[in-house]
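The values are calculated or read from the model by the stated rules, or taken from the named source; none is laboratory data. Quantities reported herein were computed from a predicted structural model and do not represent experimental measurements. Here the Cβ positions follow ideal geometry from the backbone for every residue, glycine too, while neighbour counts run over all protein chains shown. Quick note on the areas: whole protein, heavy atoms, side chains included, nothing else; ligands and nucleic acids left out. Shrake-Rupley method; radii C 1.70, N 1.55, O 1.52, S 1.80 Å.
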Amino acid sequence: MIYFKKMKMKNLFILFLLVGLVQVSFAQPGSKKGKDNSDEHREKIREWRTAFITDKLDLTEEESVRFWPIYNEREKALRSLRKERRALRPENLDEMTEKEAELAIQKHFDFRQRDLDIHKDYFNKLRKVIPATKLAKLPHVEREFKRVILGKMRGGGPGGGHHDRPPRNH
């Protein structure tokens, strides 16, 4: 029972630390400009995501050590795919011929399939290092993290800047 209370307190501490860091970071005026600042900002978000996901999935230290290299590899593959897709996106959709539109539609579905293939491949890899009960929560936890971060960036609370909209039920 004492171990359980210590674990819950640890999780609460990590969550409050994460929220506090987000608030402090977005409250600070940007003294740096350009790429250095954006790289620094991206790195902070990665650190927050690591703490957030580790906490929400309740990863043990052993699971965490094995989970994060695979997860980061998956994220790198997805970023690469998105970058490739942006580079191949048609410039002017209003001036496409029928043939160009058909090709654009096919490319869209090809990219969606490749995205799905990456997710399936890394699900199988991650399944070897954490239980399915934790892995099943990952997509929800990732969406929750995005909502928290976007809410902070918009200046709102954890639910985002949409105070007039009720929270979504999952």
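The rows are residues; the columns are (1) touching a residue at least 40 places away in the same chain (Cβ under 8 Å); (2) within 20 Å of residue 51 (Cβ to Cβ).
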{"position": "66", "(1), (2)": "yes, yes"}
{"position": "69", "(1), (2)": "no, yes"}
{"position": "75", "(1), (2)": "no, yes"}
{"position": "80", "(1), (2)": "no, no"}
{"position": "111", "(1), (2)": "no, no"}
{"position": "114", "(1), (2)": "no, no"}
{"position": "137", "(1), (2)": "yes, yes"}
{"position": "144", "(1), (2)": "yes, yes"}
For this session: For residue 170, indicate whether it is within 25 Å of residue 50 (Cβ to Cβ), modelled with pLDDT under 95 and either among the polar types (S, T, N, Q) or out of contact with any strand residue (DSSP E or B) (no Cβ under 9 Å at 6 or more places or on another chain) (or both).
Result: yes
Problem set entry | Filter result (open to solvent by 70 Å² or more (accessible area, probe 1.4 Å) and part of a loop (DSSP other than H, G, I, E, B)) within the stretch 104-138 | 128, 136, 137
Exercise. Taking into account only those residues within the stretch 72-102 that are in contact with a helix residue (DSSP H, G or I) (Cβ under 7 Å, 6 or more places away or on another chain) and assigned to a helix (DSSP H, G or I), which is surrounded by the fewest Cβ atoms within 10 Å (Cβ to Cβ)?
Worked result: 88
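Yes/no matrix, rows are residues, columns are (1) at pLDDT 75 or above; (2) surrounded by fewer than 16 Cβ atoms within 10 Å (Cβ to Cβ); (3) among the basic types (Lys, Arg); (4) out of contact with any helix residue (DSSP H, G or I) (no Cβ under 6 Å at 6 or more places or on another chain):
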residue: 19; (1), (2), (3), (4): no, no, no, yes
residue: 28; (1), (2), (3), (4): no, yes, no, yes
residue: 32; (1), (2), (3), (4): no, yes, yes, yes
residue: 42; (1), (2), (3), (4): yes, yes, yes, yes
residue: 49; (1), (2), (3), (4): yes, no, yes, no
residue: 54; (1), (2), (3), (4): yes, no, no, no
